[in-house]
1. Go through 34, 30 for me and flag whichever is over 17 Å from the mean Cα position of the chain (by Cα) and in contact (Cβ under 8 Å) with a residue 24 or more places away in the chain.
2. Of everything in the stretch 36-63 that's modelled with pLDDT under 95 and surrounded by 15 or more Cβ atoms within 10 Å (Cβ to Cβ), which residue is nearest to residue 19 (Cα to Cα)?
3. Could you check how many residues of the stretch 22-35 are over 12 Å from residue 80 (Cα atoms) and either in contact with a strand residue (DSSP E or B) (Cβ under 8 Å, 6 or more places away or on another chain) or surrounded by 14 or more Cβ atoms within 10 Å (Cβ to Cβ) (or both)?
């Protein structure tokens, strides 16, 4: 049986939090030339995740578009972090 959209969103949020280094020190992020500001990207993604978590707690049911949009945003930010050498 496939998970419902609420469970899928919770799983996606968990995977993003486990994969992306939100606790990375600023000194490591801002070390040399970069493509996009890693700190701003991480702050943005963290705010998005907090908003989604709040919505889930309030009983909102996400649609597939919400899940897809969050996944695409996280992938883009992850690729930017890769280009900056901050993740493998």
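The values are calculated or read from the model by the stated rules, or taken from the named source; none is laboratory data. If you're wondering where the values come from, they're calculated on a predicted model, not measured in any experiment. Every residue, glycine among them, receives a Cβ derived from its backbone with ideal geometry; neighbour counts consider all protein chains shown.
1. The unique qualifying residue is 34.
2. Across the stretch 36-63, the extreme among qualifying residues is 42.
3. 1
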